[in-house]
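*Asks:* Just passing along the structure, written as C-alpha cells.
Computed from the coordinates by the stated procedures, all read-outs in this text should not be read as laboratory data. Keep in mind it's a predicted model, so treat the numbers as computed, not measured. Positions of Cβ are backbone-derived with ideal geometry, glycine not excepted, and every protein chain shown enters the neighbour counts.
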Amino acid sequence: MTETTSGQVADIDDVLLRRFTYEYPKVFAKFTAEDCAICTALAPCFAHLVAEPANAGILFVRLSVKENPVAQQLMQERRAPFFVSYCQGRLLECDALTTELEVVDQLARLRAFLLAPP
C-alpha cells in the first residue's frame, strides 16, 4: 500500500479507499485480479490516463481483489476489472469494463461531473 503521488496510480486497500473517497474530490478506482487477462490488457491504458493533464484533479487507485475483502466481495458479484468513480465521497458509477474505450468514457463522465461548492 502506498500513499498517493501526482501522476501515479496508488496501490491501496479497502481502508484507504474509504478514506480517499472523502479526502479527494474525485477518485477513479480499478479493482483488479492477478489472473485476469483483461486487467493486464487494460493496465497500460489506466497508467496512461493518470499522466494526462486533463485528469490532474483525479486520484487514480488500484485495489487487488485478492488482498482486499471488500473488493473481493464486490468481485464475487461481478467480473474483473471493475472500475468505480467517486465524487466528493459519493459513488457515481461502477461497472465491469473490458475495453479501453469504456474506461475512457467512464473517466470522461467523472471528469465532467461538477463538484458541489464547499
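*Asks:* Taking only Cα atoms and a 10 Å spring cutoff, compute GNM fluctuations for the chain and point out the largest among Cys94, Cys36, Cys45.
*Replies:* Of the options given, Cys36 has the highest mean-square fluctuation.
*Asks:* Return the Cα extents of region 10-112 along principal axes one, two and three, sorted largest first, each rounded to a whole Å.
*Replies:* On the principal axes, region 10-112 reaches 31, 27, 20 Å in Cα extent.
*Asks:* Looking at the chain, which Cys residues are left with no other cysteine's beta carbon under 4.7 Å from theirs?
*Replies:* Those would be Cys45, Cys87, Cys94, since no other cysteine Cβ in the chain comes under 4.7 Å of theirs.
*Asks:* Nothing charged except the Cβ atoms of Lys and Arg (+1) and of Asp and Glu (-1): what's the magnitude of the dipole of the chain about its Cα centre? Round to the nearest 20 debye. It would help to have the intermediate numbers written out before the result.
*Replies:* On the way: 11 positive and 15 negative charges, 63 e Å.
For this selection, approximately 300 debye.
*Asks:* Counting only DSSP beta bridges with both residues in the chain, what percent are antiparallel, rounded to the nearest 5? Walk me through the numbers before you get to the answer.
*Replies:* Numbers: 12 of 21 bridges.
If we restrict to bridges inside the chain, about 55 percent are antiparallel.
*Asks:* Considering the options Tyr86, Pro69, Cys45, tell which one lies farthest towards the positive end of the dipole of the chain, charges being +1 on Lys and Arg and -1 on Asp and Glu at the Cβ, about the Cα centre.
*Replies:* The one lying farthest along the dipole's positive direction is Tyr86.
*Asks:* Shifting gears a bit: Tell me the angle of helix 100-112 to the major Cα principal axis of the chain, expressed in degrees between 0 and 90 and rounded to the nearest ten.
*Replies:* Roughly 30 degrees, rounded to the nearest 10.
*Asks:* Now a separate question. Pairs of Cα atoms under 8 Å, at least six residues apart: use those to get the relative contact order of the chain, whole percent. Working shown, then result.
*Replies:* Details: 193 pairs, mean separation 36.6, N = 118.
The value is 31 percent.
*Asks:* Rounded to whole Hz and in sequence order, give me ³J(HN,Hα) for region 38-45 from the Karplus expression 6.51 cos²θ - 1.76 cosθ + 1.60, θ = phi - 60°, writing x for Gly and Pro.
*Replies:* Using θ = phi - 60°, the values come out as 5, 4, 5, 5, 8, 4, x, 4 Hz.
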